[in-house]
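Following: one structure in structure tokens, then a few remarks.
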Amino acid sequence: MRLAILGTGAMARYYAKLFASLNPVMVGRQGGSYVLSQDRDRSIVTPEFLHWTVAHSSLFDLVIVAVKWPAMPLVQSFFKDAGSDLLVISLMNGMGQEEALIPPLSPEQLMVGVTTDAVTLDHDDESGLPAARVTAVGHCLMPLIPHPLVPFWQQQLKDLGLWGSWKFLSAEAVRRERWVKLIQNSIINPLTALANVTNGEITRIPLWTLSRSLLEEARKVSHAIGMALPSDLDFRVSQLCQMTASNKSSMLQDIERRRMTEIDSINGYIIRTARTVSLQAPTHEALTQLIHAMETHFDAS
Ligand SMILES: NC(=O)c1ccc[n+]([C@@H]2O[C@H](COP(=O)([O-])OP(=O)(O)OC[C@H]3O[C@@H](n4cnc5c(N)ncnc54)[C@H](OP(=O)(O)O)[C@@H]3O)[C@@H](O)[C@H]2O)c1
């Protein structure tokens, strides 16, 4: 199985190490060795690398998409003449992968899942290399689709001892989990990025009062599209903040690194979905505008 991992960031580094026995090729802007640390283990990993300009989907059987949303035009170009044999897995946050990638991909080729794995970018002082640190090993939920490569992928997961953490559920069940994560991200990400605080600190400052309207607006939208959400979602959001208290959200990390954020695929997706059912999401709109205002000071990188 020829495996490509699109991206060279935190998630891509983690999955390149996890699936090292398949000799994955990383696709991105800059390759090279990096250090992956997990608990007390520390490994130097040097995956094969292809730049976006020379990589092509026809070279691979399976592709894991692990980029941030601003890289989506490059991902679309990578898949533009994809054959129907290709299987694609996306574990990106936010929503809109299907709209962005079908076509050229068919619905049977694209598994959009959700993961609770947590990895942060780092720098290894000992080796002077870029690094990634696994802060939590969670689970990946994937929709079960009728693609001939899926049984091979499942066997691969069993062979690697990952069968317990990669779960295959109905498309509807995964879509629900994606909405839950979307809403959690739509609250925690922009608030922590605006306040420049960790996930734990955000619940203790006045800005957190906006979490109530963010949740209510998102809940009305999901209800209008027939998506039943857990009734204790407010508790789950606060609990997630406590469980990841010392973490900086990925949006705060993007702001610190002066990178464009994923706000348009998170809060922006809720706003766009609200419009399709004649609703409004004014708090999500306000936060999206504020994050965009911060981004206007960044270089276009
Ligand atoms: N990290 C986690 O714990 C975690 C957990 C769950 C889900 N996710 C999701 O997984 C996805 C990847 O996250 P990550 O943490 O790996 O992000 P990351 O460390 O910031 O890496 C992002 C990747 O996207 C590329 N990229 C970003 N903007 C680009 C642009 N404008 N043009 C070209 N390439 C660009 C980066 O390339 P350069 O390095 O060349 O800029 C890098 O390869 C995101 O959707 C994230 O929300 C992450």
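Listed values, structure above:
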| read-out | value |
| --- | --- |
| Qualifying positions in segment 184-238 - within 16 Å of the ligand (Cβ to nearest atom) and not in a helix (DSSP H, G or I) | Thr198 |
| Pair list, Cβ < 6 Å and 6+ apart or interchain, from segment 32-53 residues that are closer than 15 Å to Gly128 by Cβ to residues that are in a loop (DSSP other than H, G, I, E, B) and within 15 Å of the ligand (Cβ to nearest atom) | Ile44/Ser33; Thr46/Ser33 |
| Lone unmet requirement of (1) in contact (Cβ under 8 Å) with a residue 60 or more places away in the chain; (2) out of contact with any Phe, Trp or Tyr (no Cβ under 8 Å at 6 or more places or on another chain); (3) surrounded by fewer than 19 Cβ atoms within 10 Å (Cβ to Cβ); (4) within 19 Å of Tyr14 (Cα to Cα) for Trp153 | (3) |
| Any chance Asp122 is farther than 27 Å from Gly268 by Cβ, touching a residue at least 24 places away in the same chain (Cβ under 8 Å) and within 16 Å of the ligand (Cβ to nearest atom) | yes |
| Qualifying residue in segment 268-288 (condition: within 15 Å of the ligand (Cβ to nearest atom) and within 17 Å of Asn185 (Cα to Cα)) | yes |
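Table: residues versus (1) assigned to a strand (DSSP E or B); (2) out of contact with any Lys or Arg (no Cβ under 9 Å at 6 or more places or on another chain); (3) farther than 26 Å from Phe152 by Cβ; (4) among the aromatic types (Phe, Trp, Tyr).
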residue	(1), (2), (3), (4)
Lys17	no, yes, no, no
Ser21	no, yes, no, no
Gly31	no, yes, yes, no
Val35	yes, no, yes, no
Ile44	yes, yes, yes, no
Leu50	yes, yes, no, no
Thr53	no, yes, yes, no
Ser58	no, yes, no, no
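Values quoted throughout were computed directly from the atomic coordinates according to the rules given, and no laboratory measurement underlies them. What you are looking at is a predicted structure, and each value in this text was computed from that prediction instead of being measured. Counting neighbours? That spans all protein chains shown, and the Cβs are built from the backbone with ideal geometry, glycine included.
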